[in-house]
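So the structure is just underneath, and the comments pick up after that.
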Amino acid sequence: MLLRRTCQQVAHLLIAREDCELKLADRIALRAHLFACKACPRFERQIFTMQNAMRQWKNYTGE
């Protein structure tokens, strides 16, 4: 099936979407996989946590 992705492929898509916009088919496949998988949404939350931590660190003034 064209829209079916493995967890490894989804991990790559989650990381790749940080640098560029995903194709429509990849976005749909990503959402479908995240809906059906238990592990990948956890990985997505970990990525968001790391992004927020980096954003806070970048804006930290040390005061």
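The values are calculated or read from the model by the stated rules, or taken from the named source; none is laboratory data. All of these numbers come straight from a predicted model, not from anything done at the bench. Using ideal geometry, Cβ is built from the backbone for each residue, glycine included, and neighbour counts are taken over all protein chains shown. SASA here: full protein model, heavy atoms, side chains in, ligands and nucleic acids out. Shrake-Rupley method; radii C 1.70, N 1.55, O 1.52, S 1.80 Å.
Scanning the range 12-27 for residues that are touching a residue at least 24 places away in the same chain (Cβ under 8 Å) and open to solvent by 30 Å² or more (accessible area, probe 1.4 Å) gives I15, E18. Taken over the range 28-47, residues that are part of a helix (DSSP H, G or I) and open to solvent by 90 Å² or more (accessible area, probe 1.4 Å) amount to 5.
Among the residues of this structure, T61 counts as one that is out of contact with any Leu (no Cβ under 7 Å at 6 or more places or on another chain), farther than 17 Å from L3 by Cβ and in a loop (DSSP other than H, G, I, E, B). Residues in the range 1-11 that are surrounded by 10 or more Cβ atoms within 10 Å (Cβ to Cβ) and over 9 Å from the mean Cα position of the chain (by Cα): L3, R4, R5, T6, C7, Q9. In the range 19-36, is there at least one residue being β-branched (V, I, T) and under 16 Å from R4 (Cβ atoms)? The answer is yes, given that some residue of the range 19-36 is β-branched (V, I, T) and under 16 Å from R4 (Cβ atoms). The single residue among E18, E44 that is of a type in the set (D, E) and modelled with pLDDT under 95 turns out to be E18.
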